[in-house]
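Heads up: the structure comes next, in structure tokens.
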Amino acid sequence: MLNPYIEAHEVRDLILKKEIKPREVAEFFIARVQKLNPKLGAFMTITPERAIADAERIEKMSDAERHRAPMFGVPYSIKDLNWTKDIPTSMGSKNYENFMPPADDEIVIRMRNAGGILLGKTTTPEFGARPTTEGGHCPPARNPWNLEHTAGGSSGGAGSAVAAGLGPLAQGSDGGGSIRIPSACCGVVGIKPSRGRISLSPVAGEAWAGFATFGPMARSVRDVATMLDVMHGPVVGDPYWAPEPVTSFKAAVEIAPRHLRIGMISKTSLAKVDPETIDALDSAAKLFEEMGHRVEPISTDPGGRMRDIVMSLICAGVASTPVKDINLVDPVVRALWEAGQKITAVEYIANVTQMHNVSREIVQELAPYDAVISPVTSRPAVKLGTLPSHPSKYLDELPEWIPFTFPFNATGQPAFSVPNGFSKSGLPLAMQIVGRQADEVTIIGLAAQFEKARPWKDKHPPID
């Protein structure tokens, strides 16, 4: 019997040692998904036939091919925003409930070629437009630590699945925090890579003015780094190309950084940050200092400076998705879509220009620091059905919960969410670690260092 919370690299090692077969792994995790998904709403589509076919295909690989495949026999999921050929991709929308993509996203091809086993498509709010996964065509994604609370969004199904042991790896996407928010809510690890690190081919060139990217989610820094190694790299024609890292991301896990200068942002003009969240960040800062790093508070407020620009560009991005019947759209997303329809091309171009200019200012202010830490959200996971309090208030209440995430979609910097303890109510707390542009390597090493000092591997939700 497998441990459902086994890490991806451990699964691979067991299979390479021939202690378990890929088909057995596929059958185990499909059975677990089918058992727990009605309670969690983590998966929109479960693909048992595909999982078995993947397992049978990789079982035919030679020993040399197996050892070259970094995800050999490892189960993973794809977010329902991403194209999967011949597998339904609803984008969380009733307008697309019967959409069957004609091709795979590039990252789907790469994970299949790396030897992975696809378990299915995870839930997302409509068009990925909410930081909670609810309200659209997909079922609400529930937090395994407390089913009344959100798993976050828009990669909420991915966060719920990983936290509950429904597969060790999940792909997410992040246009304003959509990998980091569910990672924080569910107590798992997720990274928004640098702009241009991962190709959006063949469906998109620049998504949401370059805000959005794909990325990995897992229960350990090592697994996230391994998955990022598989996913990263441009496709000819991509509008953004991040430079090649100085080492593999997996190797970066073993490089413990020394004597870093770390900036700390704990305040924002957009919200009063929950005291437990602040205390957890302060505790992490003290730990980094004990490791030999220097942590300095920073008074800058990227969220406050970026709020209006980012909200406008997100509305425009949502409105760019064709909709046949607006009456079928989630009322919250409909409000965004309709607001975006009113933005003129001139206004959009002006906002993009302003976004780039403010981003340059922020990046220059943060340049003296090797990394920056902050909370991920202003408070732990909210209850389902409470954000927003009304569709008309969404653009006001959204930035108040996620003031620390969306600015770094604008700047394009890589940003991690790592577990950082629990609230008194038992919900996960998290810390964001932001790196310099195109420097995932440093923050992967720092996150791994933090994970080693405060391991979270054996902390699992009471979901079984």
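The values are calculated or read from the model by the stated rules, or taken from the named source; none is laboratory data. As the structure is a prediction and not an experimental result, all values here were calculated from the model. Using ideal geometry, Cβ is built from the backbone for each residue, glycine included, and neighbour counts are taken over all protein chains shown. Keep in mind that these areas ignore ligands, DNA and RNA; they rest on the heavy atoms of the full protein, side chains included. Shrake-Rupley method; radii C 1.70, N 1.55, O 1.52, S 1.80 Å.
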For this session: Among the trypsin sites (Lys or Arg not before Pro) in the stretch 411-464, which ones are in a DSSP loop with at most 16 other Cβ atoms within 10 Å of the Cβ? Mind listing them?
Result: Lys424, Lys457, Lys459
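Just flag the trypsin sites (Lys or Arg not before Pro) in the stretch 96-176 sitting in loop per DSSP whose Cβ has no more than 13 other Cβ atoms within 10 Å.
none
If you average 1/r over all unlike Cα pairs in the stretch 169-215 and invert the result, what Kirkwood radius do you get in angstrom?
Working: mean 1/r = 0.0914 Å⁻¹.
About 10.9 Å for the stretch 169-215.
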Exercise. Using a 1.4 Å probe on the protein chains only, how many percent of the accessible area of the chain belongs to carbon and sulfur?
Worked result: 53
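Which number do you get for Rg(Cα) / (2.2 N^0.38 Å) in the stretch 308-464?
In units of the globular-protein estimate, the stretch 308-464 measures up at 1.23.
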Exercise. Using a 1.4 Å probe, how large is the accessible area of His9, given in Å² and rounded to the nearest 10?
Worked result: 40
For this session: On the full set of protein chains, 1.4 Å probe, figure out the accessible area of Ser392 and give it in Å² to the nearest 10.
Result: 90
Problem set entry | Evaluated at q = 0.11, 0.12, 0.21, 0.23 Å⁻¹: base-10 log I(q)/I(0), Debye formula over Cα of the stretch 39-151 | -0.40, -0.47, -1.08, -1.18
Problem set entry | Solvent exposure of the chain as accessible area per residue, Å², 1.4 Å probe | 37
Exercise. When all C-alpha to C-alpha distances in the stretch 11-64 are sorted into bins of 10 Å, what percent of pairs does each bin hold, rounded to whole numbers?
Worked result: 23, 46, 25, 6, 0
Exercise. Across the Cα atoms of the chain, what radius of gyration and what greatest pairwise Cα-Cα distance (Dmax) are found, in Å?
Worked result: 20.3, 61
For this session: Would you list the P(r) distribution for the stretch 371-464, with all Cα-Cα distances sorted into 10 Å bins from 0 and each bin expressed as a whole %?
Result: 14, 38, 33, 14, 1
